[in-house]
Amino acid sequence: MSTLAHTMMTSARSTDSGLVGPGELDHYPYAEAPGPDRVGAPAWEGADPELGRVGRRAAGSRGRGLHGQLVQQLGQMIVSGDLGADRPLVPEEIGQRFEVSRTVVRESLRVLEAKGLVSARPNVGTRVRPVSDWNLLDPDIIEWRAFGPQRDDQRRELSELRWTIEPLAARLAAGHGREDVQQRLSDMVEIMGHAMGQGDAITFSRADAEFHSLLIQIAGNRMLEHLSGIVSAALQVSGGPVTGCDRPNETTLAHHVRIVDALATGDGGAAESAMRQLLTVHPEVERVVPAPREH
């Protein structure tokens, strides 16, 4: 995917990047840049040349300016393996490579630390952490994995997770119906239908993401509600025909309508069944979840 397309998709999301306050930036003393013969120095050649001069790009990655763009670049490099586990990250080297201030570098490293990608320790500095320490449910990490070497694993894992979460959410939501939310769900289905008729894939996907997010939020389970951002991220980075939502058509739309109708009548079983039908993989794609049984 092109840098422009990636930036456009990224900016469309409203996920908080975890910016910390100015007084928190120096919580750990980052290591100063050692001499040129330092062992294990990061190789920056793999960085996107378009981002080589962060300051020359228009600010706006998640509305966070330079630090948001640097978070994106470093995050992608870590997730892709260009910056392997236990590699030291020296603020001065990063600042020189991307032509940003030391403050911007520190802000970015703090965000990456919150995501579990790096760790900062006194007298040790900042180092890349192993995959086992990453917050794999973070929407940014989901996105970076989905467009990196781990894209196939990410698609499979997201599909399995959605197939586990959303049918349950649909069943629970049937018992917590509210007229205003029911109307919003119906509105989303109407928008999806109109967008499909107009061939407007962007509007369709946005309405679809809103539909699934709303459904989880009204399930009455606060732990499930915290997973709504994961589902939204999954819908945006699916990258292929894994579920019915990836191929807008009359059948896909009909399943959404069935879900809304089941919620309106309080039929949790029907809502769950319709969601499973919607999330079933297509026969030409390797199965990652079992198809629902017909009763």
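The values are calculated or read from the model by the stated rules, or taken from the named source; none is laboratory data. Note that the coordinates shown come from a computational prediction; the quantities given were computed from them, not determined experimentally. Here the Cβ is made from the backbone with ideal geometry for all residues, glycine too, and neighbour counts use every protein chain on show. Areas reflect the complete protein model, heavy atoms only, side chains present, ligands, DNA and RNA absent. Shrake-Rupley method; radii C 1.70, N 1.55, O 1.52, S 1.80 Å.
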Residues located in the stretch 113-157, provided they are assigned to a helix (DSSP H, G or I) and of a type in the set (A, V, I, L, M, F, W, C): Ala114, Val131, Ile141, Ile142, Trp144, Ala146
Answer residue from the stretch 198-228, given it is of a type in the set (Val, Ile, Thr) and free of Cβ contacts under 8 Å to residues at least 24 places away in the same chain and is nearest to Met188 (Cα to Cα) among those: Thr203
Selection status of Leu112, buried (at least 21 other Cβ atoms within 10 Å of the Cβ) and either touching a helix residue (DSSP H, G or I) at 6+ places or on another chain (Cβ under 8 Å) or among the hydrophobic types (A, V, I, L, M, F, W, C) (or both): yes
Test set (1) among the small types (Gly, Ala, Ser); (2) modelled with pLDDT under 90; (3) farther than 28 Å from Gly116 by Cα; (4) open to solvent by less than 60 Å² (accessible area, probe 1.4 Å) - Gly193 fails condition number: (2)
Restricting the stretch 258-288 to residues that are of a type in the set (S, T, N, Q) and at pLDDT 90 or above, the residue that is nearest to Glu157 (Cα to Cα): Gln277
